[in-house]
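Asks: The structure that follows is given in the form of structure tokens.
The values are calculated or read from the model by the stated rules, or taken from the named source; none is laboratory data. If you're wondering where the values come from, they're calculated on a predicted model, not measured in any experiment. As a convention, Cβ positions derive from the backbone with ideal geometry for all residues, glycine included, and neighbour counts pool all protein chains shown. Ligands, DNA and RNA are stripped out before the accessible areas are found, and what is left, the full protein with its side chains, is counted by its heavy atoms. Shrake-Rupley method; radii C 1.70, N 1.55, O 1.52, S 1.80 Å.
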Amino acid sequence: MLKIDGKETAMELRTELKKEVSSLKSKYNKVPGLTVILVGEDPASKIYVKNKEKFAKEIGMNSEALRYPVDLEEKVLLNKIDELNKDDKVSGILVQLPLPKHIDKRKVIEAIDHKKDVDGFHPMNVGNLSSGYDSSIPCTPLGCSLLLKKVEKNLSGKHAVVIGRSNLNGKPMTQLLLKENCTVTITHSKTKDLKEECLRADIIIAAVGIPELVKGDWVKKGAIVIDVGINKTEKGIVGDVAFDEVSKVAKALTPVPGGVGPMTIACLLKNTVECFKKAQK
Ligand code: NAD
């Protein structure tokens, strides 16, 4: 069984991006810029934002994190986004989710210029992705598809089962797999027999948030399994896939941690570079 190394793949991607940023600097005399906005004190979000800022700087991009208190007024945030939309030095804007309850997440996502929407959550990007047009692609599904491509270059005709239908993961993942000519089954909490669905899959993408939901006897021999889940348990961080059991039947499997997670930030940097390049045209 191949343990798909997300850490190493993310490092390779960052190295490529670093070279690209350097050649963009020579060509345009400026570099891509990423602004990340954090509202509140959510401990996990604080770590994510710190890492995003750090990795962006490491590859030579401009990067700033704007940190606001939890009681920030919605209109102040919207005004700030408007200012960043107009700022040529800013190629990508990301508002770290979740937001405090008094702030309307939808309004905030829609306020970001879709050309600077490095998360790929703006309805314009969602629509473009599902229409097969050029768009920003949500970072985690993009990371999953790059990992899949490491194992299997041609996914055409494969049967993929996506577990979870969130806007963040399941739905965009489905679109990416369709683009690769997979036959896709999207499953969710109301799916009648999830085990049965999984057993038919050549590819399983688990993006649920239930520790070790996918068991060894749910997986067809030789399937590729991508585990998006990050679940805190008594035995530490685990994914949505029972790693030990599934590794006995799968052809390839991502570990948690060290699988999809590192790819998410690397793909955010990739999206920022793409937004910068499009802005120069
Ligand atoms: P979400 O809660 O928005 O969506 C979960 C989905 O799972 C829903 O569509 C729901 O219908 C489905 N679901 C729930 N119970 C189910 C069941 N018993 N059987 C089948 N489907 C079921 O979650 P999300 O934001 O998509 O995140 C999913 C997981 O991915 C979480 O563990 C999250 O922490 C993790 N995550 C990881 C990364 C990363 O970088 N690796 C990024 C984002 C999210």
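Asks: In straight Cα distance, which aspartates and glutamates are under 18 Å from Lys54, not counting same-chain residues fewer than 8 positions off?
Replies: Candidates past the 8-residue exclusion: Glu8, Glu12, Glu16, Glu20, Glu64, Asp119.
Asks: Which percent of the accessible heavy-atom area of the chain goes to carbon and sulfur, probe 1.4 angstrom?
Replies: 52
Asks: Still on this model: With no other cysteine's Cβ closer than 4.7 Å, which Cys residues of the chain count as lacking a disulfide-compatible partner?
Replies: By the Cβ distance rule, which asks for a partner under 4.7 Å, the isolated cysteines are Cys144, Cys182, Cys198, Cys275.
Asks: Please enumerate, by chain and number, the aspartates and glutamates with C-alpha under 14 Å from the C-alpha of Lys116, excluding those fewer than 8 residues away in the same chain.
Replies: Excluding near neighbours in sequence, the set is Asp82, Glu83, Asp87, Asp88, Asp134, Glu274.
Asks: Sticking with this structure for a sec: Would the range 139-261 count as rounded, prolate or oblate if I go by the C-alpha gyration tensor, calling it rounded below 1.5 in a/c and otherwise prolate when a/b exceeds b/c, oblate otherwise? Each step should come with its number before you reach the end.
Replies: On the way: a/c = 1.30, a/b = 1.26, b/c = 1.03.
Rounded, since a/c falls under 1.5.
Asks: Once you put a point 7 Å from the Cα of Ser22 and another 7 Å from the Cα of Glu245, both along the Cβ direction, what distance in nm separates them?
Replies: If labels sit at Ser22 and Glu245, their model points lie 4.8 nm apart.
Asks: Top to bottom by accessible area (1.4 Å), largest first, where do Ser26, Ser247 land?
Replies: Ser26, Ser247
Asks: Using a probe radius of 1.4 Å on heavy atoms only, what accessible surface per residue do you get for the range 28-114? Whole Å² is fine. Could the numbers behind the result be given before it?
Replies: Numbers: 4790 Å² over 87 residues.
That works out to 55 Å² for each residue.
Asks: Given charges of +1 on the Cβ of Lys and Arg and -1 on the Cβ of Asp and Glu, with all other atoms neutral, how large is the dipole of the chain about its Cα centre, in debye to the nearest 20?
Replies: About 600 debye.
Asks: May I pose another question? Just the accessible area for Glu58, please: 1.4 Å probe, Å², rounded to the nearest 10?
Replies: Answer for Glu58: close to 90 Å² accessible.
Asks: Mind grabbing the accessible area of His122 for me, 1.4 Å probe, Å², rounded to tens?
Replies: Counting only protein heavy atoms, His122 exposes about 30 Å² to solvent.
Asks: How long is the gain from Lys220 to Lys277 if the chain were fully straight, where each residue apart is worth 0.36 nm and the alpha carbon distance is subtracted?
Replies: Details: separation 57, 0.36 × 57 = 20.52 nm, distance 4.18 nm.
Separation in residues times 0.36 nm, less the Cα-Cα distance, equals 16.3 nm.
Asks: Amide H to amide H, which residues 5 or more places from Lys158 or on other chains are under 5 Å from it, using H placed in the peptide plane?
Replies: Residues meeting the amide H criterion: Thr183.
Asks: If you average the alpha carbon positions of the range 149-201 and of the range 19-37, how far apart do those two centres end up, in angstrom?
Replies: 34
Asks: Which of Lys50/Lys150; Lys30/Lys115; Lys52/Lys235; Lys149/Lys251; Lys89/Lys277; Lys18/Lys153 have a Cα-Cα distance over 20 Å?
Replies: In this structure, Lys50/Lys150; Lys52/Lys235; Lys18/Lys153 lie more than 20 Å apart at Cα.
Asks: Then there is this: Let's see if you can work this out: charge +1 on each Lys and Arg Cβ, -1 on each Asp and Glu Cβ, no other charges. What is the dipole magnitude of the range 28-114 about its Cα centre, in debye to the nearest 20?
Replies: The dipole magnitude comes to about 240 debye.
Asks: Let me ask something additional. What accessible area per residue, rounded to a whole number of Å², is obtained for the range 159-255 using a probe radius of 1.4 Å?
Replies: With the other protein chains kept in place, the range 159-255 gives 48 Å² per residue.
Asks: Using the Karplus curve 6.51 cos²θ - 1.76 cosθ + 1.60 with θ = phi - 60°, work out ³J(HN,Hα) for each residue of the range 90-104 in order, rounded to whole Hz, and write x for Gly and Pro.
Replies: Using θ = phi - 60°, the values come out as 9, 8, x, 10, 10, 9, 5, 9, x, 9, x, 4, 6, 9, 7 Hz.
Asks: Further question: Which whole-Hz ³J(HN,Hα) couplings does the range 41-46 yield from phi under the Karplus relation 6.51 cos²θ - 1.76 cosθ + 1.60, θ = phi - 60°, glycine and proline marked x?
Replies: Along the range 41-46, the couplings run 10, 4, x, 5, 4, 4 Hz.
Asks: Restricting everything to alpha-carbon atoms, can you work out Rg to Rh for the chain with a Kirkwood hydrodynamic radius?
Replies: Reported Rg/Rh (Cα atoms, Kirkwood Rh): 0.97.
Asks: Can I ask one more? Around Tyr68, which amide H atoms from residues at least 5 apart in sequence, or from another chain, sit under 5 Å from its own amide H, with H modelled in the peptide plane?
Replies: The answer is Leu38, Val39, Gly40.
Asks: Something else now. Once Lys and Arg get +1 and Asp and Glu get -1 on their Cβ, which of Val90, Leu66, Tyr28 lies farthest toward the positive end of the dipole of the range 28-114?
Replies: Going by the Cα projections, it comes out as Tyr28.
Asks: Right, something else. How would you order 265-277, 173-185, 38-50 from highest to lowest mean count of nearby Cβ atoms within 10 Å?
Replies: The most tightly packed comes first, giving 265-277, 173-185, 38-50.
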